[in-house]
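Asks: Below is the structure I would like to discuss, written out as structure tokens.
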Amino acid sequence: MSASPTTVGQAWRAILARAGVRAGGYGSLVLTVLVILAFGVLVPWRRGFDFFDSFLIFAYSAIALLFAASALTDLVASSEAAIPLPPAIIAAAIHGWSVLALIYALGIATVNATFRAPQLFYPSPKLMGATLLFALTASVFVAALAAVLCVLFNPSVARTAMRLLFLLILLGLYFSAKILPPLWQNALDRQLTTPGLTQVGLIGAAISFVLAIGLVLALVRSRPPIPQA
């Protein structure tokens, strides 16, 4: 256990420190490094210029959300006293977003280094901007949702619930082609273009921002205690 952080900076440092010592070892740090290497080096190296595919770039935003939710629940669980949730939420979102930004940077560098490109190749700047904005606001929302679950239940339950939620979303996306009517599927396919995904990212960022603000304000006003696992 560690002392409860009270500012965003303290919370972020606690998250980074926690990454190397969870469960008394370095499991979390190793997992983080493996994820960064797998998605930032191995996938771009194997896919080459296909790494710049618009859907793949946008789908990568889920990495930030997963890390944000995990960081929030781990931080709350590791704090000795009642932890101020707003700074923890912001710090967890920054952590998840930073991991995603690092993966993007490594991916772009890997593709260019693999093909020894005479000039720098990169995805659509508009799509990247929209995706990074969505990843940031959605990370705040996901971290806030995890905080609410910590309050309603406990960090252990919140961690499990968030993992199940992401699993259900992935299963829904995987089986959407078989479940959705052809008309809906065609409409969805039309959105899986660079302009379409850019628009989805901007709209998603706005919606996530509003939802996140609502959850954070509710937590600030209620100041609820957090049950321990």
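Asks: Within the set of pairs 6+ apart or on separate chains, which have a first residue in region 189-218 that is within 19 Å of A59 (Cα to Cα), a second that is of a type in the set (K, R), and C-beta atoms under 8 Å apart?
Replies: Between residues of region 189-218 that are within 19 Å of A59 (Cα to Cα) and residues that are of a type in the set (K, R), the close pairs are T194/K126; G196/R190; T198/K126.
Asks: Name the pairs whose Cβ atoms lie under 7 Å apart, with the first residue in region 164-178 and closer than 15 Å to A62 by Cβ, the second modelled with pLDDT of 75 or more, and 6 or more positions between them or separate chains?
Replies: Going by the 7 Å Cβ cut-off, the qualifying pairs are F166/L66.
Yes/no per residue for (1) modelled with pLDDT of 95 or more; (2) closer than 21 Å to L152 by Cα; (3) part of a helix (DSSP H, G or I):
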site: L29; (1), (2), (3): no, no, yes
site: V43; (1), (2), (3): yes, no, yes
site: F55; (1), (2), (3): no, no, yes
site: I83; (1), (2), (3): no, yes, no
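The values are calculated or read from the model by the stated rules, or taken from the named source; none is laboratory data. These numbers were taken from a predicted model, which means no experiment stands behind them. FYI the Cβ positions are ideal-geometry reconstructions off the backbone, even for glycines, and counts take in every protein chain you see.
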